[in-house]
Every structure is written in C-alpha cells, then in structure tokens.
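Let me begin by presenting the structure, written as structure tokens, before commenting on it.
The values are calculated or read from the model by the stated rules, or taken from the named source; none is laboratory data. Computed from a prediction, not measured in an experiment: that's the story for all the values here. As a convention, Cβ positions derive from the backbone with ideal geometry for all residues, glycine included, and neighbour counts pool all protein chains shown.
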Amino acid sequence: MCLAVVIVLTAGLFIASTARAQQSQPAPIIIRDIHVEGNRRVQDAVILGRVKSTVGSTFNPSLLSEDIRSIFGLGFFDDVQLRVEDFEGGVRIVFTVSERPFVRDVDFVGNKKEDRDTLQDKIDIKLGSVYNPVDVQRAVEKLRDFYEDEGYFEVQITPTVEKFADSDVKLIFNIVEGRQITIESIVFKGNKGLRDDQLKDAMETKERQYFILRGKVQRQRLEQDIDRIIATYNDNGYIQARVESYDVAVDREKARVTITIVVVEGPQFRVGDVKITGVTLLPEAEVERQIRLKTGDVFSVTRIRDSVTGVLNLYSAIGRASADVNPKRDQLPAINQINLTFEITEGPEVYVERINISGNVRSEDKILRRELPLHEGDLYTLQNKEKARQRLVNLGYFETVNVDTQPGSDKTRIIVNIVVVERATGIFSIGGGYSSVDSLVGTIDLAQRNFLGRGWEVAIRIRAGATTQQGTISFTDPWLFDRPLSGGFDIYKSIRNYQDYTYDTTGLNLRLSHPFAEYWRWHTGYRISQDIVNNLSDTAPPDLVEQKGTTITSAIGASLTRDSRDLIAAPSKGGQTTISLDFAGLGGDSQFYKATFLQTYFKPIWFGHVLGTRFEAGYGEGWGGKDLPIWERFYLGGPNTIRAFKFRSVSPVDDAGFKTGGTSEIIANVEYVIPLPFGLRVAMFFDVGNVYGFGTPFDPTDLRYGPGAGIRWQSPFGPIRMDYGLNIDRRAGEGPGAFHFSVGSPF
C-alpha cells in the first residue's frame, strides 16, 4: 500500500501563516467539507461511512490517519491518499482513492474430467468480487487439493489475468490435469491380531480392482479411514490400538499409489465380570437381555454402545426418558480383562412439556399435530416419538421429517422439536405413457394432496388409450369435522374395451373410515353406478348376451384394515391386513355379495434387501336368482397378480373358450428386492394362484404359477416397474411368459 499523506506538512504551513494570532489565543482549524475522488463503482456514502472525521469538527491529523486506514480496510482500493485545501475559512479534506479491478469473468481451460460448475464451487472467487492476487493464489491451492483428492497428483494449475478496457479483469485458470493415479495396494504393517482383509473392509478407501473399483485416493476419506481402523480394533478387544503412521507413496511412472499404514495393536482384552446396578422398576433379567456382552466375550466398544441404547429404550418404553446408563470399565492389564458395571439411574417419569413444529410453511399446524400420538402433558416414550415421525412421513407432505428432544424446565419435563421440509404436493401433468395393460395412453392429472394446507385431497384424473377411457373427480377430508374420521367421494366414468364386449360404467362412491387401536382402521361406503355392457362380438357366449344392456348397481361395503408398513410406495418392513365385504341389492338391479382377504408382509433381511410376501383370497356370488355380474368376477394375470400371464388371462373358460371370470380366487406372491444405486432396485419373484367357478371347481391344488424378475425405479412420479414373468406351467395356446410395465407397487 502506498499512502502519500501530507497532513503534517500542510498543517505546518497553515499554522505558520497564523502563528502570531495563535500566540495570543490559538484558533482551531475547522473542517468545512469532506470530498472523495477517484471512485467509479464504490459510492461516496460507502467510503464516507468509514470516516470518523465530520464537517464542522476540529482538524485532527491523528483521526484522519485512522480514516485512511478504515477506507483502505474496505478492500476495494489499491491506494488511498489524503489532500487538505483551504476552504471557506477552514479546510476541505479530499480522499483520493484508486479502485481495485473487479472480476468480471472466471474461466477454466484444460479441464476434461471435472466440469466448470464443479470447479467454480471449489473456489471462493465470485463474479463481481474485487480482484485480489491473494484470493487467486488461495483458489489455486483449493483447486489443487480438490484434484489431488480425486487422484490427480500430477495436476498443474496456472492462473492468468486478462484486463478489459475499463480495468476490470477476467481470471483464467489453465489446468493440466494429468493422469488419475489409482491405488495399487494398501499395505498394513504391525497387524497380527487382525488380518489385512478385515482392516480393508473397514475402510472406504479401496484398492484398484480392474474396471469395478478405480481406487481413488481422497485425503479426507483416508483420514476418516484411520478412525475406522481404530474403531475396528476397539470392537475386537484391542482397546490400546493406534495407527502409528500412514504414508501415500506415488509411483509417477506407473501412475499408481501405495498406501502404507503402520499399526500398533497392543493386547486383546476380554470381558470379565458383568454387573448391573440401580434396577428397581424393571425385572433385572429383562435388563440383562439388553446387555450385548457376556463374560468371556471379546470386548467391543460398539456392543457396549448398543447395550446402553437397548437399556435406555427399555426405560423409555415405561416413560423414563431421563434414565441414564453409565458403563464403567475396570481394566485388569495383568490378565488382559475388563470388568463391566452398568450403573443405571432410573430417574423420574418424563412428560411432554411442549411440542415445537417448524418448517411447515404451507401446512397448518393442526394437520401435523393431529397425527401425533403424543401431546403436551402426555407421558413421553421413545416409541411414541418414532410413531410420530413415521405418521408424518406417511402423510407424504414432507421431504424430510426430523424429531428430536431437548431438556425441559426440570428433569420431569421434555421438549419435542419437529422440523419438517415441505415438498410439492400438487400435480399437474399432461402427457402420455405406456403400460402392458392399456398399451399407449394419454393422461391429464390435476391433484393436490394438501389442498389449502388443510390436508384435503382433491384430484381430477383423465386417462385415455386404445382400450380404455377413464375420468375421476375425488375429494377426501382425512379429518372430517376435526375428528379422526376420513370422509370423501369419487365421481367416476370408465369405458374399457375387452375382446368380446365393452364395459361402460358411471358412478358415485361415498366413503368413511376411522382409525382404532394400533395400525387398525375400519372403512364403510356406499356405491351407486350405471353399468353398461355393449358392443358384443358375434361369437359372444349366452352368459355374456344375458348381461347385455344397462344395469343399476347399489351396493354397500365395509372393510377392516391393519397397516404397519413403513412406506406405502416402497415398504421395507411391516405389513397390511384387509378383510372386506360388499353387498349389492339395496335397490337397483344387481344382487350379489363379495368378500376378500388380503395379507402382505415385508421384512428387511440384510444390506437393504427386502423380502415381501402376499396372500389374497376372494369369493363372490349372486343371490335372488342372479349371477355375479361379469364386471365383479375374479380374473388373474397382469402386473399385480400372476406376472407370468397377461392381464385377465387366468380365468375359467366356457366350451367356446370365452373367459368367463370366476367366483373365487386365491393368489400368493413372494418377492425378493435388492437395492441398487440411483434409486433403482432389482426384484426376483414367484407368483402362484388360480380362479375358480363357472365350470372350474374350487381346488387349491390346481394352481398356475411362474417365477420372474424385474426392475424398480423410485421415480418422482411414483414407483415404476418392469417385470417379466416366466410361464413354466405352459399349456396349449399360452405364451412362454409376459412382460409388464406399470406404475405403483406390486402389492
């Protein structure tokens, strides 16, 4: 910085000219004006805002020196000078500044492996910022660190500056990336108790394995791996283990890296005596079952932590969220043994003092609070906290739901904090698609699952294709009259063309449901519809000809459900039970009853793998001398039943080969799902079932079946599925299998 300050000289000349007057009574020098020169972009107000000297105050050289330093501290100037002039019986102070150039553009040249946006995010230099060579050098270091973290140890980065006519600059980072150097091997020294492969499994840094793993060196990940290695030793009884050193040796000729890690293991400790103290409210045997370590076991820090968590969860179930578990270790180095004492402080019962909800911008507070199984004043349990989170997740209104706690006003009080991030709950789409059932279809969807932020569900859906046309208007209030009573209606119109006839139905469906107990809900409803069967083929059988024309159906329905699935769209645990009964004949033309039973179950296995099962059975029959209408009969085959067959292709047939549909059905599915990156999953399944009635006697040993495999994608529009079922029970006229493309979960 060059500061050409002439304050003292100018002031001396001014004082000398009035020395005689000052000898009798010194006259103060008054600042009459303060002015700024040389600034083009930085406004006067910004500069003068840092100046403490004011118009009308006494001339003070020391204060003006501070003003110069303050202006320079803004960071906008290469030089700040001060000039003092006579002005209206006093002086004018003029600050002359020389502005630094601004960064008008930043460019990267030579980058091939990393895109421009990624590199821009790694530096702190933004467009419009003041150019500073120190910042440029810091940016070069950050870019070099980033490239080396990605394995480019040969990278060269050279910054250049191009000036525009107005003195602004363009920064150019010239990059020579070089080769990506991969990990040839990870070598451990000093390990005897644990094998190399055990330690490598604990690391996220991996060796190069042909085209499967490139083996990149990332320093931050490697430093975290050191902690993982120590944690692995601690979980295998080596509580004194440490990493003495690690080294990254680069062979630039072969573009390979060798990582050498030197460990000092120390002795392996085992568990001696295990004691529990302080238990009065629960059976001690029940608490002991939560302890994951027994006498003689290899000591493990993780199992200690799991034991503490298990005991705390046990006490939380009885409202003792303030319970504390202190695992004390008594080390006996002479015999490499650790005696454990779990000191339990049971604490008082804890009640919810307050529930804070934040992040709900559109959604009213009450639609969240009414879902919570705990309220202010209730006994707090960890189980209810988890239920609260799960219920809010299942609403489908939020991207994330976090529920945590903090201490209340005393030990018997706790504050529950719920933080949500809302997602878009409205859908408006016009488009087309394809399904293996309806072929090409056009769709219009207008839906809002949280209408007006009150939890109302409103939807208008239109679907048109080569074989089907559907339209639906629906409304649901999940808390009718501010009670946990879900009520709604559906107005629908559907036309579907089958091989031998067309089915046209228009109707109104009214529904009510109410939860009770844990996971349970009852449902009831009324349906009235006009059902038309027309456009019969010339070969239509007599049974179909009898149903030609218009039929009015008036039916009531009731069902009982239990749903403990964690996620409805893609469940990984829990299950669903449904028992339903429909009865038609309260007016209208149709007279029938129909009952179904459904049971699904999902269980996580390992590594995110999920095993899903389903069993369904149904029975329907006409009464009053009438048959079960053809549109109410059972058919199997398609993406949601037996996937080895096409849609509705599994059915009893008459003498002419017409698929009549059945009066009863049974179906079972087993599906094994394996998660993949990018929201993909692969599934293997086995389906079995059949339809009976109208000439096919009920025989649970007479089944159609087939294995298959498919791909699942959790898309923004819902789960998209592609399945192929193999028909290993192939009969005359049937294909070798069936391909299905659909949206939604299979069961």
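Let me spell it out: the conditions are (1) over 42 Å from the mean Cα position of the chain (by Cα); (2) not in a strand (DSSP E or B), and R92 meets all of them except one. Which number is the exception?
Failed condition: (2).
Check F602 against each of (1) at pLDDT 95 or above; (2) of a type outside the set (S, T, N, Q); (3) surrounded by fewer than 19 Cβ atoms within 10 Å (Cβ to Cβ) and name the one condition it does not meet.
The number of the failed condition is (3).
Of all residues in the range 532-557, count the ones that are under 50 Å from the mean Cα position of the chain (by Cα) and under 23 Å from V653 (Cα atoms).
Qualifying residue count for the region: 4.
Return the only residue of G408, G377 being without any contact (Cβ under 8 Å) to a residue 60 or more places away in the chain and buried (at least 18 other Cβ atoms within 10 Å of the Cβ).
On the way: G377 fails: buried (at least 18 other Cβ atoms within 10 Å of the Cβ).
Of the residues listed, the single one that is without any contact (Cβ under 8 Å) to a residue 60 or more places away in the chain and buried (at least 18 other Cβ atoms within 10 Å of the Cβ) is G408.
Listed here are the residues, each with its yes/no results for (1) in a strand (DSSP E or B); (2) over 31 Å from the mean Cα position of the chain (by Cα); (3) hydrophobic (A, V, I, L, M, F, W, C).
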{"position": "F153", "(1), (2), (3)": "no, yes, yes"}
{"position": "T158", "(1), (2), (3)": "yes, yes, no"}
{"position": "Q180", "(1), (2), (3)": "no, yes, no"}
{"position": "I183", "(1), (2), (3)": "yes, yes, yes"}
{"position": "I186", "(1), (2), (3)": "yes, yes, yes"}
{"position": "G193", "(1), (2), (3)": "no, yes, no"}
{"position": "D197", "(1), (2), (3)": "no, yes, no"}
{"position": "K200", "(1), (2), (3)": "no, no, no"}
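Going by the structure shown, is G708 of a type in the set (G, A, S), surrounded by 18 or more Cβ atoms within 10 Å (Cβ to Cβ) and modelled with pLDDT under 95?
No; evaluated as a whole, the condition is false for this residue.
Determine whether I125 is of a type in the set (A, V, I, L, M), modelled with pLDDT under 90 and closer than 30 Å to Q240 by Cβ. Break it down into steps so the answer makes sense when it comes.
Values: of a type in the set (A, V, I, L, M): yes; modelled with pLDDT under 90: yes; closer than 30 Å to Q240 by Cβ: no.
Taking the combined requirement at face value, the residue does not satisfy it.
Table: residues versus (1) in a loop (DSSP other than H, G, I, E, B); (2) among the hydrophobic types (A, V, I, L, M, F, W, C); (3) free of Cβ contacts under 8 Å to residues at least 12 places away in the same chain; (4) not assigned by TED's automatic domain parsing to the domain that holds Y705.
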site	(1), (2), (3), (4)
Y601	no, no, no, no
G608	yes, no, no, no
G618	no, no, no, no
P639	yes, no, no, no
I642	yes, yes, no, no
F645	yes, yes, no, no
N669	no, no, no, no
Y672	no, no, no, no
V682	no, yes, no, no
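Which residues, counting only those in the range 588-599, are more than 22 Å from G549 (Cβ to Cβ) and surrounded by 16 or more Cβ atoms within 10 Å (Cβ to Cβ)?
Across the range 588-599, the qualifying residues are Y593, A595, T596, L598, Q599.
Looking at (1) assigned to a strand (DSSP E or B); (2) surrounded by fewer than 21 Cβ atoms within 10 Å (Cβ to Cβ); (3) hydrophobic (A, V, I, L, M, F, W, C); (4) more than 37 Å from the chain's Cα centre (by Cα), which is the one condition that is false for V691?
(2)
Give me the residue from the range 26-62 that is loosely packed, with under 15 Cβ neighbours inside 10 Å and free of Cβ contacts under 8 Å to residues at least 12 places away in the same chain and, out of that set, nearest to V91 (Cα to Cα).
Residue satisfying both the conditions and the ranking: A27.
For the range 72-79, state whether one or more residues are closer than 30 Å to R252 by Cβ, part of a loop (DSSP other than H, G, I, E, B) and either more than 47 Å from the chain's Cα centre (by Cα) or at pLDDT below 85 (or both).
No, the range 72-79 contains no residue that is closer than 30 Å to R252 by Cβ, part of a loop (DSSP other than H, G, I, E, B) and either more than 47 Å from the chain's Cα centre (by Cα) or at pLDDT below 85 (or both).
Here is a check on your reading of the model: is N417 assigned to a strand (DSSP E or B), surrounded by fewer than 19 Cβ atoms within 10 Å (Cβ to Cβ) and free of Cβ contacts under 8 Å to residues at least 40 places away in the same chain?
No: the conditions fail for N417.
For a quick check of your reading: which strands (runs of 3 or more DSSP E) sit entirely within the range 305-368 and have at least 1 residues that are of a type outside the set (D, E), in contact (Cβ under 8 Å) with a residue 24 or more places away in the chain and within 18 Å of D235 (Cα to Cα)?
324-332, 337-345
Considering every residue within the range 340-355, establish whether at least one is under 30 Å from G426 (Cα atoms) and out of contact with any Ser or Thr (no Cβ under 6 Å at 6 or more places or on another chain).
Of all residues in the range 340-355, those under 30 Å from G426 (Cα atoms) come to 355.
From the residues that got through so far, the ones that are out of contact with any Ser or Thr (no Cβ under 6 Å at 6 or more places or on another chain) too are 355.
Yes - at least one qualifying residue is present in the range 340-355.
If you scan the range 559-585, which residues turn out to be surrounded by fewer than 18 Cβ atoms within 10 Å (Cβ to Cβ) and at pLDDT below 90?
Residues satisfying the conditions are D566, L567, I568, A569.
Within the bounds of the range 349-364, is there any residue that is modelled with pLDDT under 95 and over 30 Å from G455 (Cα atoms)?
Looking for residues that are modelled with pLDDT under 95 and over 30 Å from G455 (Cα atoms), one finds at least one in the range 349-364, hence yes.
Take V650 and tell me if it is modelled with pLDDT of 90 or more, aliphatic (A, V, I, L, M) and over 39 Å from the mean Cα position of the chain (by Cα).
The answer is yes for V650.
Any chance the range 279-294 includes a residue that's assigned to a strand (DSSP E or B), surrounded by 15 or more Cβ atoms within 10 Å (Cβ to Cβ) and at pLDDT below 95?
No, the range 279-294 has no match at all.
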